[in-house]
Amino acid sequence: MSERAATAKALDVPRVKDPKKAALLRARYRAEARYRSYGVISLAISTAFLIALMSNIMMTAWPAFWSHYLVIDVPLKAESIDPENTRTQDVLRSADYMAVVRTALDEAIPGIEGRVARKQLREVLSSGAADDVRSLVLADPGLIGKTVKLPLLLSDDADLFMKGVGTRVERTATRGIANPSATAGEATILTSGDDFAPLLTEIKKKAAERAAALRQQADRFEVHSGQGAHDSVAQLRAEADELQKRYDSPDFEEVLDSSVPSVLIEINDGLVKAARITGRAVTGDVLIPLKSTDPAQAGAWRIVTYTTPESSRAVGDRKVAFLDRFANAGMIEKTFNWRFFSSGDSREPELAGIRGAIVGSVLTLFVTLGLCLPIGVMAAIYLEEFAPKNRFTDFIEININNLAAVPSIVFGLLGLAVFLNFFGLPRSAPLVGGLVLALLVLPTIIISARAALRAVPPSIREGALGIGASKQQAIFHHVLPLATPGIMTGSIIGMAHALGETAPLLMIGMVAFIVDVPKSLTEAATVLPVQIYLWSDLPEVAFKYKTAAAIVVLLVLLFLMNGAAIWLRRRFERRW
Amino acid sequence: MNKSITRTAVLAVAVSSFAGVAAARDQIRIVGSSTVYTFTTAVAEQFGKANGGKTPIVESTGTGGGMKIFCEGVGENKADATNASRRIKKSEFEMCEKNGVKDIVEIKVGIDGLTIAQSKQGSAIKLTRKQVFQALAEQVPDKDGKLIANPNKTWSDVDPSLPNIKIEILGPPPTSGTRDSFHELFMEKGAEELDSLKALKKDDAKAFEKVWKSIRKDGAYVEAGENDNVIVQKLEANKNALGIFGFSFLEENAAKLKGAPIEGVEPTYDNISSGKYKGARDLYIYIKKAHIGVIPGLDKFVAEYVSDKALGTDGYLADKGLVALPKEALDKVKKTASGMEPLTGDDLH
């Protein structure tokens, strides 16, 4: 078999005797194969991008769907909530539940002294924890006087730490007998073994590495710049020598600062943070008070390392210490974040929810659909079936097609000028948002409805007219029902477009911080895409996850709407 | 099917005609700067929680856009206050007066440090405002003082003591209030330190203004959009790039970013508060005095804003990254707020 025949076979080309025709035929088959492979390649690339994008969003969003609670005994003492035993809603509402929560916290980790330390302990919990206790007491005043085990919401930083954003906590077993010098304040821990030696070596090695880097930088400066940099070169070299000297003397005491992983000693139920370290001793502040200064046997005390340096994470050592203590005691509970779906916006990431935005979107789309569908379909029927074909209707048709391509912000400006300034409708209201979005999607609906009407075969129309129906009867009884699936598809896609719009809403005041969930068409509201936009611009790191979670919710809604469009088309579509 | 559609349409029309006669407003409405938005929203939320009433609505429209809405007039359907990341301009003040917004109360809420930050992985860079100007201006003076197109490609071209890396700064677009502040705090002050430009300022103030208001367009300055988080993400990915944004973003992302010292002063809370850090600007909120007593709760809202609980050094706004005013300045602000002393407009420009 010749080589040519082989290629012909691979492409499944029919055999032709004439070599010229055969070559032509092969070329045509090759062109087709090429075209198909382009299609497959482009599909593969776009699928890969889609998967990358989706998985990225999903992975970022995942933590936001969970939240952590600290479950502790909360004493709901009558003297702090309702000292006069009135039990009226007003008194119960205005009581200081933050103080109640603080008391509970202080009992969970006793002995924390000092303003800074106590503040850090309080910051483990969200300000929403007190609100939760308040609503619980309001719902059941009988709880006052009892001590109840309650889940208290963690703050955003603490919550992120529990989700693994922050640092890893490692524990190392020990060999020597340790002797703590104090239970609070500053303490020195001496060990009979050389438990701290490996740590010390590692720190010294880091110092040597840094010294080398500094020297390199100094060399580079010297080569690249002239006299001007003389001082900074000398400074760098001095710094490098200092570090090197520390490395060279193994017994030299090392100071641990916030740029190296934190080292802590867990002993006698307390925690000491190492500030200075030698082979056999560690000195530093007590973060959690020790029970006693009794010597601890080998294995009964541990070295704890927070692998990420303190300066490179949002939660400080003290907070990590508290959270680690709670987590080890099994006091931290992870639950699905229902609050995300049940509350409105908030400036605290752990409290922020999308209920307000979803309700706003639903109200807005309700207005949009209520206006667009009847007006759009009626306009389409008139233009397609009744209107005479003349210059004027041509002009209208061109305008409708043009409107479909106008940038959406223009509709916002129109809304501002007409609905707010002329008609005096309220700002930020879903009603106005719905009106503006109706203008935006009306052309889409008219165009798709006209196409659907046109797709109904003329025989249907003629048959109806032939048995004596009036034109209106023929259209409303026969043509319109057959065109409905097409009109529905067009409308749903138009609605999905409206659901994703933010630009026109900026002008009419819907890009706003709104906490209360809207209850009517004229109350201030925002919509889902706006909520995403606003959250993405906030400095708190936890909002990054919230943003992704809100995007997931929006995508699911869009997916459902487009899925409904496809289902409707399949279900009611007729083929002729 | 058709009947229900018609019914929906009738309902929608009915509701829209009813809306024109909506009940009296019981909710405070605030517009303005997206920078101050992050702080005002926190106050609004606390205010809403404490009073059990409706939480004020805070729109994020930008400083300029906010002023426009604020100055539309007095009345129930007009905004009560506007956030601003710069002081109100004379022209805006006059526009307000013309539209009947006579008594405007100015409240300085705090200080925002404008920081130039970089990834922690990058080699540390220390800057002066002169160097920033020389790196970013479209035109810089050459040795003879003649203006030429900016020839500096790397930081070491600007100053030999700086590292030999490409100049690449991510910053806000011209529409942003932060960009205005950057021009005034860094570019103008930097330009004044060059002798030939100082002379130009004396001879031709207009031409001088044009020099410090023009940023080079050859790719060394990248407009990264209004969203500061985008800049933060880009800095994490590119360790040689610098980014310009507010101090609150630096504080929240301190795990990954570090601020460049300006004239040897690190952008820290204390340095900004004490005025040592040169790249700091004041943030404001403007309130319509005519709305006090008309819109329920507006006076209480202002009181909440200037309370120690919010604005003090330990207040919740400090947790959100706002740098509190020094004590005397804060006391003055409190006096203005409690007395509702309107702005005279004499020292504006």
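A few remarks follow.
- Per residue of peptide B:56-67, the mean number of Cβ atoms on other chains within 10 Å of the residue Cβ is 4.
- What a 1.4 Å probe finds exposed on chain A is 59% carbon and sulfur by accessible area, rounded to a whole percent.
- Of the residues A:TRP338, B:TRP212, the one with the largest accessible area comes first in the ranking A:TRP338, B:TRP212, computed with a 1.4 Å probe on protein heavy atoms.
- Rg/Rh for the stretch A:3-62 (Cα atoms only, Rh after Kirkwood) is 1.40.
- Using θ = phi - 60° in the Karplus curve 6.51 cos²θ - 1.76 cosθ + 1.60, the 3J(HN,Hα) couplings for the stretch A:523-539 round to 7, 4, 8, 10, 10, 3, x, 5, 4, 4, 4, 5, 5, 5, 9, 8, x Hz; x is entered for Gly and Pro.
- Pairwise centroid distance, computed over Cα atoms, of the stretch A:464-485 with the stretch B:171-199, Å: 70
- Share of pairwise Cα separations in chain B, more than 39 Å, in percent: 24
- Other protein chain Cβ atoms within 10 Å, averaged over every residue that makes up A:420-432: 4
- Based on C-alpha pairs under 8 angstrom that are at least 6 apart in sequence, chain A has a relative contact order of 15 percent.
- Local net charge near A:VAL91, Cβ-Cβ under 11 Å (Lys/Arg +1, Asp/Glu -1): -1
- Net charge over other residues, Cβ less than 13 angstrom from the Cβ of A:LEU383 (K, R count +1; D, E count -1): -1
- Stretch in chain A that is longest and holds no GluC sites (Glu not before Pro) that DSSP places in a loop and that have at most 14 other beta carbons within 10 Å: A:254-572
- About its Cα centre, chain A has a charge dipole of approximately 3700 debye under the convention of +1 per Lys or Arg Cβ and -1 per Asp or Glu Cβ, with nothing else charged.
- Computed P(r) (all Cα pairs; the protein assembly as shown; 10 Å bins; percent): 2, 9, 15, 19, 19, 15, 10, 6, 3, 1, 0
- The length gained by stretching the chain between B:GLU193 and B:ASP299 to full extension, at 0.36 nm per residue less their Cα-Cα distance, is 33.7 nm.
- Karplus-based coupling profile of the stretch B:36-49, in residue order and whole Hz: 6, 3, 4, 8, 4, 4, 5, 5, 4, 5, 4, 4, x, 5, with θ = phi - 60° in 6.51 cos²θ - 1.76 cosθ + 1.60 and x standing for Gly or Pro.
- When all protein chains stay in place and ligands, DNA and RNA are ignored, the 1.4 Å accessible-area order of A:TRP567, A:TRP66, largest first, is A:TRP567, A:TRP66.
- Local electrostatic count at A:GLY356 - Lys and Arg +1, Asp and Glu -1, tallied over other residues with Cβ under 13 Å: 0
- Helix-only [θ]222 nm of chain B, DSSP H runs n ≥ 4, -39500 (n - 2.57) each, per residue, nearest 500: -11500 deg cm²/dmol
- Between B:VAL31 and B:GLU59, B:ALA81, B:THR82, B:ASN83, the built amide H atoms are under 5 Å apart, and every one of these is 5 or more places off in sequence or on another chain.
- Relative contact order of the stretch A:275-402, taken over Cα pairs closer than 8 Å and 6 or more residues apart, is 9 percent.
- Take every Cα pair under 8 Å whose residues are at least 6 apart in sequence, average their separation, divide by the length of chain B, and the relative contact order is 26 percent.
- Compactness of the stretch B:113-280, taken as the C-alpha radius of gyration over 2.2 N^0.38 Å, stands at 0.98.
- For A:505-511, mean number of other protein chain Cβ atoms within 10 Å: 3
- The trypsin sites (Lys or Arg not before Pro) found in the stretch A:509-576 that occupy coil by DSSP, while having at most 13 further C-beta atoms within 10 Å, are A:LYS519, A:ARG574, A:ARG575.
- Computed over protein heavy atoms with a 1.4 Å probe, the accessible surface of the protein assembly as shown works out to 48 Å² per residue.
- One decimal place: the segment A:TYR38-A:LYS17 gains 4.5 nm when fully extended, by the rule 0.36 nm per residue minus the C-alpha distance.
- Label-to-label distance, nm, for residues given as B:GLU266 and B:ASP142 (7 Å Cα→Cβ offset): 4.2
- At full extension, A:LEU560 and A:GLU113 could sit 155.5 nm farther apart than now, given 0.36 nm per residue minus the alpha carbon distance.
- Estimated buried accessible area (total), pair B and A, 1.4 Å, Å² to nearest 100: 4100
- Modelled spin labels at A:SER470 and A:ARG276, positioned 7 Å past Cα toward Cβ, are 10.3 nm from each other.
- Once you reduce the stretch A:163-202 and the stretch A:273-306 to the center of their Cα atoms, the two points are 5 Å from each other.
- Calculated from backbone phi, Karplus (6.51, -1.76, 1.60) coupling profile of the stretch B:211-226 in Hz, x at Gly/Pro: 5, 7, 8, 9, 9, 4, 10, 9, x, 6, 9, 10, 7, 9, x, 5
- Degrees between helix B:228-237 axis and first principal axis of chain B (Cα, 0 to 90, nearest 10): 40
- Ordering of A:342-348, B:78-84 by packing is B:78-84, A:342-348, highest average first (other Cβ atoms within 10 Å, averaged per residue).
- Convex hull volume of the Cα atoms of the stretch A:355-572, normalised per residue: 131 Å³.
- Residues in the stretch A:300-327 that, when all protein chains are in place, have 30 Å² or more less accessible area than the chain alone would give (probe 1.4 Å): A:SER311, A:SER312
The values are calculated or read from the model by the stated rules, or taken from the named source; none is laboratory data. Just so it is clear, the model here is predicted, and its values are computed rather than measured. Please note: Cβ atoms are built from the backbone with ideal geometry, for glycine as well, and neighbour counts cover all protein chains shown. Accessible surface is based on the protein model in full, side chains and every heavy atom, while ligands, DNA and RNA are left aside. Shrake-Rupley method; radii C 1.70, N 1.55, O 1.52, S 1.80 Å.
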